[in-house]
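Engineer: Following this message is one structure expressed as structure tokens.
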Amino acid sequence: NMTRLEQQIKFIVEIDKLKEITRQTYVSAGNRKENDAEHAWHFAIMAVLLSEYANEEIDVLKVVKMALLHDLVEIDAGDTYLYDEEGAKTKADREEKAADRLFHMLPEDQGQEFYALWREFEDKQTPEARFAASLDRLQPILLNDATDGKAWEEHGITEEQVRKQNAHVKEGSEQIWEYLQRVFDKNIEKGKIQRS
């Protein structure tokens, strides 16, 4: 039987695969797409930096943990693009199976904690999960804006799509949602997001 440390190390090596999962968002230089590990790092730093903009009192460390964990399931399930309606239909099922496999690699107490945090993030019912969800959406929008709307243009994204798919940002942070309206408006003006 593996020791506790051996189980933890096996998990640490396993999650290195997150670096191989490519997202649809370009890094700010615009020369390549980011991977899930880079997204999680950016999101975790944003949780520390921007916590003052949460609508409610939050436990920042819990949001940081959610940021670091939230996409681990994509090691098995792959990245489902926000605007991919077909992929969205099977996403929950694929990700649940992945959570089951990955978190079972850990010692039971940690596996349960990680699963509970992942589930809480997905359900968006707590102040931390709502704020985390806001940052998870803010991060790619900032990079899309920094790359002059490159991914939005490639996918032909519309104003209706960005406003609807990102509307829950305001549940976590009214101030961030207001900021995003200005980002959307600017990119609609420039023709990077198509008018609906």
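The values are calculated or read from the model by the stated rules, or taken from the named source; none is laboratory data. The structure presented is a predicted model; accordingly, all values stated were derived computationally and were not measured. For neighbour counting, all protein chains shown are included, and Cβ atoms are generated from backbone atoms with ideal geometry for every residue, glycine included. Surface accessibility is based on the protein's heavy atoms, side chains included, excluding ligands, DNA and RNA. Shrake-Rupley method; radii C 1.70, N 1.55, O 1.52, S 1.80 Å.
Engineer: Any idea how many residues of region 97-141 are under 27 Å from Val13 (Cα atoms), touching a residue at least 60 places away in the same chain (Cβ under 8 Å) and more than 13 Å from the chain's Cα centre (by Cα)?
Structural biologist: Residues meeting the conditions: 5.
Engineer: Looking at Leu69, Leu82, which is the one that is within 12 Å of the chain's Cα centre (by Cα), under 30 Å from Glu178 (Cβ atoms), among the aliphatic types (A, V, I, L, M) and at pLDDT 95 or above? Write out each step before concluding.
Structural biologist: On the way: Leu82 fails: at pLDDT 95 or above.
Step by step, each of Leu69, Leu82 is checked, and only Leu69 is within 12 Å of the chain's Cα centre (by Cα), under 30 Å from Glu178 (Cβ atoms), among the aliphatic types (A, V, I, L, M) and at pLDDT 95 or above.
Engineer: Report, by residue number, each residue of region 1-20 that is open to solvent by 30 Å² or more (accessible area, probe 1.4 Å) and under 30 Å from Asn144 (Cα atoms). Explain how you work it out, then say what you get.
Structural biologist: The initial filter retains those residues of region 1-20 that are open to solvent by 30 Å² or more (accessible area, probe 1.4 Å), namely 1-10, 12-13, 15-17, 19-20.
Answer for region 1-20, where residues must be open to solvent by 30 Å² or more (accessible area, probe 1.4 Å) and under 30 Å from Asn144 (Cα atoms): Ile15, Asp16, Lys17, Lys19, Glu20.
Engineer: Keeping to region 143-191, report how many residues are in a loop (DSSP other than H, G, I, E, B) and over 19 Å from Asp84 (Cα atoms). Full working, then the answer.
Structural biologist: First, the residues of region 143-191 that are in a loop (DSSP other than H, G, I, E, B): 147-149, 156-157, 166-168, 173, 190-191.
Narrowing the set further to residues that are over 19 Å from Asp84 (Cα atoms) leaves 147-148, 173, 190-191.
Number of matching residues: 5.
Engineer: Look through region 52-66, keep the residues that are of a type in the set (A, V, I, L, M) and over 11 Å from the mean Cα position of the chain (by Cα), and return whichever of them is nearest to Asn166 (Cα to Cα).
Structural biologist: Keep residues of region 52-66 that are of a type in the set (A, V, I, L, M), which gives 54, 58, 60-61, 63-64, 66.
Subsequent filtering for residues that are over 11 Å from the mean Cα position of the chain (by Cα) retains 54, 58, 60-61, 63-64.
Values: Ala54: 16, Ile58: 21, Val60: 22, Leu61: 24, Val63: 19, Val64: 20 Å.
The selected residue is Ala54.
Engineer: Name, by its number, the condition in (1) farther than 19 Å from Asp84 by Cβ; (2) in contact with a Lys or Arg (Cβ under 9 Å, 6 or more places away or on another chain); (3) open to solvent by less than 70 Å² (accessible area, probe 1.4 Å); (4) not aliphatic (A, V, I, L, M) that does not hold for Pro140.
Structural biologist: For Pro140, the failing item is (1).
Engineer: Please count how many residues of region 172-191 are under 20 Å from the mean Cα position of the chain (by Cα), open to solvent by 50 Å² or more (accessible area, probe 1.4 Å) and more than 19 Å from Ala54 (Cα to Cα).
Structural biologist: First, pick out the residues of region 172-191 that are under 20 Å from the mean Cα position of the chain (by Cα): 172-181, 183-184.
Still in the running and open to solvent by 50 Å² or more (accessible area, probe 1.4 Å): 174-175, 178-179.
When the remaining residues are screened for being more than 19 Å from Ala54 (Cα to Cα), the result is none.
Here the count works out to 0.
Engineer: Another question, then. Please indicate, with yes or no, whether at least one residue in region 148-168 is open to solvent by less than 50 Å² (accessible area, probe 1.4 Å), of a type in the set (Phe, Trp, Tyr) and within 21 Å of Glu38 (Cβ to Cβ).
Structural biologist: Checking region 148-168: at least one residue is open to solvent by less than 50 Å² (accessible area, probe 1.4 Å), of a type in the set (Phe, Trp, Tyr) and within 21 Å of Glu38 (Cβ to Cβ).
Engineer: So which residues in region 71-82 are surrounded by fewer than 18 Cβ atoms within 10 Å (Cβ to Cβ) and touching a strand residue (DSSP E or B) at 6+ places or on another chain (Cβ under 8 Å), if there are any at all?
Structural biologist: Tyr81
Engineer: Residues to consider are Glu108, Glu85, Glu113, Glu96; find the one that is open to solvent by 20 Å² or more (accessible area, probe 1.4 Å) and touching a Leu at 6+ places or on another chain (Cβ under 9 Å).
Structural biologist: Values: Glu108 fails: touching a Leu at 6+ places or on another chain (Cβ under 9 Å); Glu85 fails: touching a Leu at 6+ places or on another chain (Cβ under 9 Å); Glu96 fails: touching a Leu at 6+ places or on another chain (Cβ under 9 Å).
None of the other options fit; the residue is Glu113.
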